[in-house]
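The values are calculated or read from the model by the stated rules, or taken from the named source; none is laboratory data. This structure is a prediction, so every number in the text was calculated from the model and none was measured. Cβ coordinates were reconstructed from backbone atoms using ideal geometry, including for glycine residues, and neighbour counts include every protein chain displayed. For accessibility, only protein heavy atoms count, side chains too; no ligands or nucleic acids. Shrake-Rupley method; radii C 1.70, N 1.55, O 1.52, S 1.80 Å.
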Amino acid sequence: MIGTANGLAVSITGLGSHVPDRVVTNDELSTMMETSDEWIVERTGIRERRIAAPEEALSDLALPAARQALEDAGISGSDLDLIIVATVTPDMAFPATAAILADELGAHDAGAYDLSAGCTGFMYAVAQAYGMLAGGLAQRALVVGGDVLSKILDWSDRGTAVLFGDGAGAVVLERVGQGGFLGFELGADGSGGLQLYLPAGGSRAPATAESVAERRHFVQMNGREVFKFATRVLVASAEAVLAECGRTIEDVDVYVPHQANVRIIEYATQKLGIPDDRVVIDVDRYGNTSSGSIPLALADAKADGRLAAGRLVLMTGMGAGLTWGSGLIEWTDGGRT
Ligand code: UT7
């Protein structure tokens, strides 16, 4: 799916993020499995990640991020018409974590649901919220991207356990006078689904004593294949959305790629020809936070003063599905209509 934003102007008017307190360093992981700080830094660029407490669920991370985003936008929960939570680790399979958030935020008039598109979930959710706002179905939307992947990782599998972390980010979308989203490109290739998946616990393989004993409720990944896929789609999706919107890579002021691995980001950055100082990288501090990755990176970019009004921001996600998605936005400083 690809298209330019031809409807009403819609932008991000509020931004928030939240990560758990507990920092887990590579050295700490080295005491739990056969790995090393040297290997993890060299192959991934990750130095530490945040890991949720046993009692912490997704909504516990999403709620503070959402409150921050609402405050940043200067609105309250009761102003929201729509809440979408992009995640693969909801509090429960159902009810949706978005409905739990709606209740906690006092968003009594909002439609609220979860969306599953792996690490691309945030881009899918933003595109969907954009469509509802631009089409006039909603006035104000809250989009949360967040995951607590530590809960579904096999902590004896060094091939996955060292890569991920927990965190959530949230954005408020509203109509604005000018600027805002220019276009989106979203895609999925289900033939690659088994390269990154959770084998059991769904209707294909419900939970049994055997499925638990066989550790089939944990993430399984073919790292090399996902790496090849990631480098390909990060470049292709970014180029596609730029071309569709009549922009070039030189126009991009801030590039926010999915934070999975510094090597993947560097490959994409070089191929696309984006100067390093325009690229947002925080995977060294958070690891891959899945749906939380892009909004957390946006929040970091904002804290660094990089998201000034008028700047062109390119975001590209990729992940389980396999899925990918890009969005191009001319940043606005509030300015809702
Ligand atoms: O949102 C999308 C989520 N997933 C991704 O983005 C993952 C994409 N893939 C990757 O980032 C990389 O493929 C990995 C970081 C997962 C692996 O890096 P790699 O350079 O592709 O390593 P590899 O799988 O080719 O493994 C190289 C070696 C192997 O040892 P041998 O067979 O050469 O003796 C692995 O067993 O590194 C070993 N290895 C480790 N060693 C220390 C694998 N994981 C570890 C580890 N610590 N944590």
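Quick rundown of the values:
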{"read-out": "Distance (nanometres) between label positions extended 7 Å along Cα→Cβ at I2 and Q270", "value": "2.5"}
{"read-out": "Taking N as its residue count, the alpha carbon Rg of region 286-337 over 2.2 N^0.38 Å", "value": "1.28"}
{"read-out": "Using alpha-carbon coordinates, inclination of helix 121-134 to the longest axis of the chain, degrees", "value": "20"}
{"read-out": "Neighbourhood net charge (10 Å Cβ-Cβ; Lys/Arg +1, Asp/Glu -1) for R263", "value": "-1"}
{"read-out": "Additional length obtainable on full extension of the chain from H217 to E71, 0.36 nm per residue less Cα span", "value": "48.8 nm"}
{"read-out": "Projected-area average for the chain over all orientations - Cα convex hull basis, square nanometres", "value": "15.7"}
{"read-out": "Set of lysines near K228 by C-alpha distance (under 20 Å), chain-local residues within fewer than 8 positions excluded", "value": "K271"}
{"read-out": "Approximate spin-label separation D333-D21, in nm, with each point projected 7 Å along Cα-to-Cβ", "value": "3.6"}
{"read-out": "Rg over Rh, two decimals, region 49-89 (C-alpha only, Kirkwood Rh)", "value": "1.03"}
{"read-out": "Whole-percent carbon and sulfur share, accessible surface of the chain, 1.4 Å", "value": "48"}
{"read-out": "C-alpha long axis of helix 293-303 to longest principal axis of the chain, angle in °", "value": "60"}
{"read-out": "Cα-derived Rg to Rh of region 1-121, Kirkwood definition", "value": "1.07"}
{"read-out": "Mean accessible surface per residue for the chain, computed with a 1.4 Å probe while every protein chain stays in place, in Å²", "value": "41"}
{"read-out": "Alpha-carbon centroid distance for the pair region 255-277 / region 166-213, whole angstrom", "value": "21"}
{"read-out": "Segment Y113-D251, length gained on full extension (0.36 nm per residue, minus Cα span)", "value": "46.2 nm"}
{"read-out": "DSSP-defined beta bridges in region 1-117 - what % are antiparallel, rounded to 5", "value": "40"}
{"read-out": "Gain in span if fully extended, A308 to F94, counting 0.36 nm per residue against the direct Cα distance", "value": "73.2 nm"}
{"read-out": "Spatial extent of region 204-297: Rg and Dmax, with the Cα atoms as the point set, Å", "value": "17.0, 55"}
{"read-out": "Quotient of Cα Rg and 2.2 N^0.38 Å for region 121-248, N being how many residues it contains", "value": "1.33"}
{"read-out": "Cleavage-rule hits, GluC sites (Glu not before Pro), region 30-69, DSSP coil, Cβ neighbours within 10 Å at most 12", "value": "E34, E55"}
{"read-out": "Q178-A209 FRET efficiency (beta carbon distance; Förster radius 45 Å; 0.05 resolution)", "value": "0.15"}
